[in-house]
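**Q** One structure is given below, represented as structure tokens, and several questions about it will come after.
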Amino acid sequence: MDSLSPILQRIPQFASIESPEIKELTGGITNRNYKITVDGESFVLRLGGNETQFLGIDRKNEYECSLLASKVGIAPEPTAFLEPEGYIVARFISGKSIPNEEIGTEENICRVVESMKAYHALSFFPGEFSPFRVAEEYAKTARSFNVKLPDKMDWYLERSSEIEQAMYRKPLQPRPCHNDLLNGNFIDDGTRIRILDWEYAGMGDIFFDLGNFAIQHEFNDEQDEILLRAYFGSPTDSQRAHQKLMKIMSDLREAMWSQVQIGVSKLDFDYAGYGQKYFDRFEVNTTSNDYVDWLLAM
């Protein structure tokens, strides 16, 4: 932990503290996070992973999005931003994680939707997010690092283009979105569900948040319907199809993210195996009998 001392000395709230209590937080697959406690108050210092700019991450945007989301009680409040590295300090949120099997209950789905709608209702986030552009850019980036992409890569991107054309026959009205609703990014503070890690946040399609949240927790049709009813009241067939197609695009984004990480990350993690799971599921779902029906319902 001595290696953190030069960093802490550059952060005003820690600079005068001689021996802060420091604990590394495990579980991340992009960044390193440390819990720092001073005078009985705890914070999290977030150090970005190796060359994460290749993942489309803008740390200034992350800081500003999390600050905006914190003002509506959803994100931890960021208290410092260290340039040029983009290190972020935020208040530590006390609470419990929510296991996959519990977050999919009707009660918790409704609580997640409540938090989701709070930041979707904000007027603006810096930055933009499109899973279609991300998939294309990640393919280019992975190739630039000599990563061997799947033989079906062109076919995957053709399906992505097919979904985009069906989805946006009418222009998208972008809203502030989180875009990375993995299970580890939820904390139940006892009152509401808070959301961590705003590094992919930006203006985008709310249905990506709905699809990403659902597929990352492997929701079935019944849970998808609970989610859409909690969000819209009486969802239309078009809204149902939109969410299903964004579940598919979430898988492609995740698979392509892993390809970039193979080329740039220094963390000890099986990115190839991680990505293959999502490629396989993307292929299954884009060749299913329902897929064409979802395209036509848009």
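**Q** Working carefully through the options 280, 197, find the one that is open to solvent by 30 Å² or more (accessible area, probe 1.4 Å) and at positive phi. Spell out how you get there, then give the answer.
**A** On the way: 280 fails: at positive phi.
Sole residue among the options that is open to solvent by 30 Å² or more (accessible area, probe 1.4 Å) and at positive phi: 197.
**Q** Could you tell me whether residue 163 is over 14 Å from residue 132 (Cβ atoms) and touching a residue at least 40 places away in the same chain (Cβ under 8 Å)? First the steps, then the outcome.
**A** Working: over 14 Å from residue 132 (Cβ atoms): no; touching a residue at least 40 places away in the same chain (Cβ under 8 Å): yes.
Criteria not met by residue 163.
**Q** Those residues that are under 19 Å from the mean Cα position of the chain (by Cα) and in a strand (DSSP E or B), I need them from the stretch 78-93; list them, please.
**A** 78, 87, 88, 89, 90
**Q** Residue 93 passes all but one of (1) at pLDDT 90 or above; (2) farther than 24 Å from residue 204 by Cβ; (3) open to solvent by 50 Å² or more (accessible area, probe 1.4 Å); which number fails?
**A** Looking at each condition in turn, residue 93 falls short on (3).
**Q** Those residues that are surrounded by 13 or more Cβ atoms within 10 Å (Cβ to Cβ) and without any contact (Cβ under 8 Å) to a residue 40 or more places away in the chain, I need them from the stretch 256-270; list them, please.
**A** Initially, the stretch 256-270 is screened for residues surrounded by 13 or more Cβ atoms within 10 Å (Cβ to Cβ), giving 256-265, 267, 269.
258, the sole residue that qualifies.
**Q** Further, regarding this structure: List every residue pair whose Cβ atoms lie under 8 Å apart, where the two residues are 6 or more positions apart in sequence or sit on different chains, the first residue falls within the stretch 80-94 and is without any contact (Cβ under 8 Å) to a residue 40 or more places away in the chain and more than 10 Å from residue 43 (Cα to Cα), and the second residue, located anywhere, is among the aromatic types (Phe, Trp, Tyr) and crowded, with 19+ Cβ neighbours inside 10 Å.
**A** Matching pairs, first to second residue: 81/63; 81/87; 86/63.
**Q** Another question, then. Please enumerate the residues belonging to the stretch 94-126 that are part of a loop (DSSP other than H, G, I, E, B) and within 17 Å of residue 182 (Cα to Cα). Spell out the reasoning first.
**A** Of all residues in the stretch 94-126, those part of a loop (DSSP other than H, G, I, E, B) come to 94-95, 97-99, 104-105, 121-126.
Those that are part of a loop (DSSP other than H, G, I, E, B) and within 17 Å of residue 182 (Cα to Cα): 95, 97, 98, 99, 104, 105.
**Q** Taking residue 136 as the residue in question, decide whether it is open to solvent by 90 Å² or more (accessible area, probe 1.4 Å) and acidic (Asp, Glu). First the steps, then the outcome.
**A** Numbers: open to solvent by 90 Å² or more (accessible area, probe 1.4 Å): no; acidic (Asp, Glu): yes.
Taking the combined requirement at face value, the residue does not satisfy it.
**Q** Here's something else I'd like to know. From the list 289, 220, pick out the single residue that is among the polar types (S, T, N, Q), surrounded by fewer than 19 Cβ atoms within 10 Å (Cβ to Cβ) and either at pLDDT below 95 or in contact with a Cys (Cβ under 7 Å, 6 or more places away or on another chain) (or both). Can you show your working first?
**A** Values: 220 fails: either at pLDDT below 95 or in contact with a Cys (Cβ under 7 Å, 6 or more places away or on another chain) (or both).
Among 289, 220, only 289 is among the polar types (S, T, N, Q), surrounded by fewer than 19 Cβ atoms within 10 Å (Cβ to Cβ) and either at pLDDT below 95 or in contact with a Cys (Cβ under 7 Å, 6 or more places away or on another chain) (or both).
**Q** Output yes when any residue across the stretch 188-200 is within 27 Å of residue 286 (Cβ to Cβ) and in contact (Cβ under 8 Å) with a residue 12 or more places away in the chain, and no when none is. Before you say what the answer is, go through the steps one by one.
**A** Pass one, the stretch 188-200, residues within 27 Å of residue 286 (Cβ to Cβ): 200.
Filter once more, so that each one left must be in contact (Cβ under 8 Å) with a residue 12 or more places away in the chain: 200.
Yes.
**Q** Which of the numbered conditions does residue 254 fail, given that it passes all the others? Conditions: (1) out of contact with any Phe, Trp or Tyr (no Cβ under 7 Å at 6 or more places or on another chain); (2) acidic (Asp, Glu); (3) within 30 Å of residue 225 (Cβ to Cβ).
**A** The failed condition is (1).
**Q** Just to be sure before I move on: is residue 75 within 20 Å of residue 201 (Cβ to Cβ), part of a loop (DSSP other than H, G, I, E, B) and under 18 Å from the mean Cα position of the chain (by Cα) in the structure I sent?
**A** yes
The values are calculated or read from the model by the stated rules, or taken from the named source; none is laboratory data. These figures come from a predicted structure and were not determined experimentally. Don't worry about glycine lacking a Cβ; one is built from the backbone with ideal geometry, like all the others, and counts go over all protein chains shown. Protein only, heavy atoms only, side chains kept; ligands, DNA and RNA dropped before computing areas. Shrake-Rupley method; radii C 1.70, N 1.55, O 1.52, S 1.80 Å.
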